[in-house]
Every structure is written in structure tokens, then in C-alpha cells.
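Participant: Take a look at the following structure, please.
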Amino acid sequence: MKNSSLVPWGEVSNWSCKACGNCCIGYRVPLKMDEMVRITNQYGESVLQYGLGKVYLRNQSNGRCTFQRPLMGRWICTLQGTKPTACRLFPFRMHNKPIYKRGDNAKVQIDDKTYYLYMDPNCKGITLGKPTERFAKQIVPEIVRIGMGLPVKQKYTTSKSIHWRPI
Ligand code: SF4
Ligand code: SF4
């Protein structure tokens, strides 16, 4: 997705993952080095796909991530407890600078650091509008801490309806 389509978090009223699984189709999930090592050790190299200087999770021929499985009418991630950071962040995108020239509503400050947070409008869990207190004070800070690489146990930024089992 082009950056020009992203929505600043300050224009979002709330977000709640519907566990629709759409974000696991047709996206390429980049892996950090430690994620690649961990996943390769557990599942082998066949789950990886190599790109220009990057390593991604392999998608199946139907475009679905290799770790997505159907369960009781839903699509679930079988890496649920150890998802790559890119997946834990979705549908948020974190930048160090604003992506729009006009002052946008994406700025967020955590621990004296400034970031710019946007959302992928393809996610069905997004409700546009003035941010609710829960969104601004619980969801956004949790996502930014995940993006900073801090050890965060996801409380507000994961679907409550997902039950998972490791493969
Ligand atoms: S993050 Fe959005 S697109 Fe992905 S499963 Fe949740 S609601 Fe669906
Ligand atoms: S690892 Fe899980 S969350 Fe990430 S794309 Fe694959 S199925 Fe979706």
C-alpha cells in the first residue's frame, strides 16, 4: 500500500480487530533477523521467501500467509503468541517523520520520543472520527511500544475472539 493512503491515528475514533484475517492475504511480512532465526529453527526455511535484501514469510499459492489456518469459521494465525513485529503492528505503521507535508494528526510522544503513527484503511476494524480516550490512551501507546521493540504483552491491540493453537 502507498503511504499516501494511510490514515493518521488522530483521525481514527477507535480500532478493534475483527479477526477477519484479511491482513494475512496478499501482504508480504518482513522479518527482523531474530524473527527469521527463530522461525527458521522451528519451521525450517520453506516458510521463508527472499526479496531484495529482505526476508519475508512465504505466502501460499492463494496469497494467504503460510501460517494462517481456518478454525471454526474464522481465519487464525498459528504463530499467535510469537507473531513477527510487522504483524503485531498491523494495521498501524510507525514512522520517524510525518509522511504528509501538511501538519497531520499522526504525532505521538512516548518516553520523550516522537513518532508518527498511521493506519492502513483496508482494515475493517477501523472507525474514523475523533479518537476515543481508550484509543488514544491505551491502544496507541501500546502499539508504539511494540514498534519501539519493547517487550509488550498485547492487551488492547489484539482480537479478543481469537483462540489459537500452535502448529
Ligand atoms: S487487523 Fe484488521 S484486517 Fe487484520 S484481522 Fe484484524 S480487522 Fe481484519
Ligand atoms: S504470521 Fe500470522 S498474523 Fe502474520 S501474516 Fe501470517 S497468519 Fe497473519
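Where a number appears in this text, it was derived from the coordinates with a stated rule and is not lab data. Since the model is a prediction, treat every value here as computed from it, not as a measurement. Cβ coordinates were reconstructed from backbone atoms using ideal geometry, including for glycine residues, and neighbour counts include every protein chain displayed.
Participant: Among G73, G53, G129, whose mean-square fluctuation peaks in a Gaussian network model of the chain (Cα, cutoff 10 Å)?
Facilitator: Judging by the Gaussian network model, the answer is G53.
Participant: When the chain is fully extended, how far beyond the present Cα-Cα distance does M33 get from R134, taking 0.36 nm per residue of separation? Working shown, then result.
Facilitator: On the way: separation 101, 0.36 × 101 = 36.36 nm, distance 3.32 nm.
So the chain would gain 33.0 nm between M33 and R134.
Participant: First obtain the Kirkwood hydrodynamic radius of the stretch 1-82 from its Cα pairs, then insert it into the Stokes-Einstein equation at 20 °C and 1.002 mPa s, and state the resulting D in µm² per second as a whole number. Each step should come with its number before you reach the end.
Facilitator: Numbers: Rh = 14.6 Å.
My calculation gives 147 µm²/s for D.
Participant: For the chain, with only Lys/Arg (+1) and Asp/Glu (-1) charged at the beta-carbon, what is the dipole magnitude about the Cα centre, in debye rounded to 20?
Facilitator: Values: 27 positive and 10 negative charges, 52 e Å.
The calculation lands at about 240 debye.
Participant: Using a Gaussian network model of the chain with C-alpha springs under 10 Å, which one of K101, K113, K130 is most mobile by mean-square fluctuation?
Facilitator: It is K101.
Participant: Another question, if that's okay. What Cys residues in the chain have no fellow cysteine's beta-carbon under 4.7 angstrom?
Facilitator: When partners are defined as cysteine Cβ atoms under 4.7 Å apart, the chain leaves C17, C20, C23, C77, C87, C123 without one.
Participant: Kirkwood hydrodynamic radius (Cα pairs, Å) of the chain? Walk me through the numbers on the way to the answer.
Facilitator: Details: mean 1/r = 0.0595 Å⁻¹.
Taking every pair of different Cα atoms in the chain, averaging 1/r and inverting gives 16.8 Å.
Participant: Normalising by the residue count of the stretch 3-147, find the relative contact order in percent from Cα pairs under 8 Å and 6+ residues apart.
Facilitator: On the way: 206 pairs, mean separation 55.2, N = 145.
Relative contact order, the stretch 3-147: 38 percent.
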